[in-house]
Amino acid sequence: MALIESLPLPLGAEMPAFTLADSFGKTHDSRTLAGPKGLLVAFTCNHCPYAIAVWPRLVALAAKAAPLGVNTAAVNPNIHPGYPDDAPERMKEKVLDWKIPFPYLVDADQATAKAYKAQCTPDLYLLAGGGRLAYHGRLDDNWQEPAKVKKEELWEAVQALAAGRAAPTDQRPSMGCSIKWR
């Protein structure tokens, strides 16, 4: 697995809207997925050790963010024959087993990941109203050991967005396995 970091992107940039189906076949549009305050878009997958380590914290963060008006959607760009653990059927199993409360979307042609300039799993984007980028960075300061987390950067950004404040500008890149481009 090649370790790679997310790309720096300009805060305030308008991120593209997308329409994708989840692993159950239901179609979701990013404009209607967004809560009144924003949308967290997480490019992730099932097989990457970095993504696996972050999944429980992402689910917990989504549960805290929803009452603040920030909804969550996960997008899997690794729909690739070489990675059967990331197939839609396996995504469906993950949603049911982990009780994931937000859509886990299939980016089969990888167009959404390319439009967002996503690089790794996980690659996290917090969008303010209108799809403007408020935060693009890591979830927290210790992907490997949740008990040793001292700074929850993404949660701080969600709280700021929900309160109508700008997210912190010191945004450290997310890191993980490279997206498995076709």
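The values are calculated or read from the model by the stated rules, or taken from the named source; none is laboratory data. All values reported here derive from a predicted model rather than from experimental measurement. We place every Cβ from the backbone using ideal geometry, glycine too, and count neighbours over all the protein chains shown.
Some notes on this structure:
- When P81 is tested against the conditions (1) touching a Pro at 6+ places or on another chain (Cβ under 8 Å); (2) of a type outside the set (A, V, I, L, M); (3) part of a loop (DSSP other than H, G, I, E, B), the lone failure is (1).
- Subset of the range 1-45 [more than 23 Å from P101 (Cα to Cα) and either touching a helix residue (DSSP H, G or I) at 6+ places or on another chain (Cβ under 6 Å) or aliphatic (A, V, I, L, M) (or both)]: M1, A2, L3, I4, L7, L9, L11, A13, E14, M15, P16
- Unique match (being of a type in the set (D, E) and under 15 Å from M175 (Cα atoms)) among E5, E14: E5
- Selection within the range 123-182: residues that are part of a helix (DSSP H, G or I) and under 27 Å from N78 (Cβ atoms). The member of this set that is nearest to the chain's Cα centre (by Cα) is L154.
- Restricting attention to the range 74-130, the residues that are modelled with pLDDT of 95 or more and either within 24 Å of P173 (Cβ to Cβ) or hydrophobic (A, V, I, L, M, F, W, C) (or both) total 36.
- Candidates in the range 117-131 are the residues that are surrounded by 14 or more Cβ atoms within 10 Å (Cβ to Cβ) and touching an Asp or Glu at 6+ places or on another chain (Cβ under 8 Å); of these, the one that is nearest to G12 (Cα to Cα) is G131.
- Residues satisfying the stated conditions in the range 54-89, i.e. surrounded by fewer than 18 Cβ atoms within 10 Å (Cβ to Cβ), out of contact with any helix residue (DSSP H, G or I) (no Cβ under 8 Å at 6 or more places or on another chain) and among the hydrophobic types (A, V, I, L, M, F, W, C): A60, A63, A66
- Scope the range 1-52; condition touching a Pro at 6+ places or on another chain (Cβ under 9 Å), assigned to a strand (DSSP E or B) and not hydrophobic (A, V, I, L, M, F, W, C); matching residues: E5, D22, H28
- In the range 25-39, the residues that are of a type in the set (D, E) form Cβ pairs under 9 Å with partners that are in a loop (DSSP other than H, G, I, E, B) and surrounded by fewer than 20 Cβ atoms within 10 Å (Cβ to Cβ), at six or more places apart or across chains, as follows: D29/A17.
- For P77: the one exception among (1) under 13 Å from the mean Cα position of the chain (by Cα); (2) within 26 Å of K151 (Cα to Cα): (2)
- Filtering the range 142-154 to residues that are surrounded by fewer than 17 Cβ atoms within 10 Å (Cβ to Cβ) and within 11 Å of L126 (Cα to Cα) leaves nothing.
- From the options K92, K114, residue that is free of Cβ contacts under 8 Å to residues at least 12 places away in the same chain, in a helix (DSSP H, G or I) and either surrounded by 14 or more Cβ atoms within 10 Å (Cβ to Cβ) or at positive phi (or both): K114
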